[in-house]
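Please treat every number below as a calculation from the coordinates, not as lab data. Bear in mind that the values here come from a model prediction, so they are computed numbers and not experimental data. Every residue, glycine as well, gets a Cβ built from its backbone with ideal geometry; the counts of neighbours run over all protein chains shown.
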Amino acid sequence: MSQAPSNTAAVQRAREQYARDDDGPSLTSPPEEIVDLLTDEYARQILRAVTDDPKPACDLVDMLGVSRPTVYRRLDDLEAAGLVEPRMSFDPDGHHRQEFHATFEEVTVTLTADGFGVEPGAPAGAD
């Protein structure tokens, strides 16, 4: 009996999605890439929108008046950097959708002689 081939990319993505160190979420991109991402107007708007409450991408499209491809590209970039995480939300009627939330309440950027430094603050939702 043969098994269906595994979807290695999907498995790897799922592992990365839920990978956390012992102290909570962590930034996963070099500081220069995070700074570049934070200079993007759409990425900043998305981060502000998902800081307090998780939101699905379709709501971000409507809220921000930005195209769907732009929202999804920025969400992919923010997720790759470790600044947002997706969560599955389940409605009482059985429907489900992915919502995105900010992983940190704040991120501090410093400039030194060696370049940029980026330090995450408290995990979002931590009291």
Study note, to complete from the structure: Scanning the stretch 64-76 for residues that are farther than 20 Å from E105 by Cβ and part of a helix (DSSP H, G or I), the one nearest to the chain's Cα centre (by Cα) turns out to be D76
Revision key, fill the gap. Within the stretch 24-44, residues being surrounded by 15 or more Cβ atoms within 10 Å (Cβ to Cβ) and free of Cβ contacts under 8 Å to residues at least 24 places away in the same chain number 1
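State yes or no: is L47 surrounded by 15 or more Cβ atoms within 10 Å (Cβ to Cβ) and touching a residue at least 24 places away in the same chain (Cβ under 8 Å)?
yes
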Review point. Within the stretch 90-111, is even one residue surrounded by 13 or more Cβ atoms within 10 Å (Cβ to Cβ), touching a residue at least 12 places away in the same chain (Cβ under 8 Å) and of a type in the set (D, E)?
Key: yes
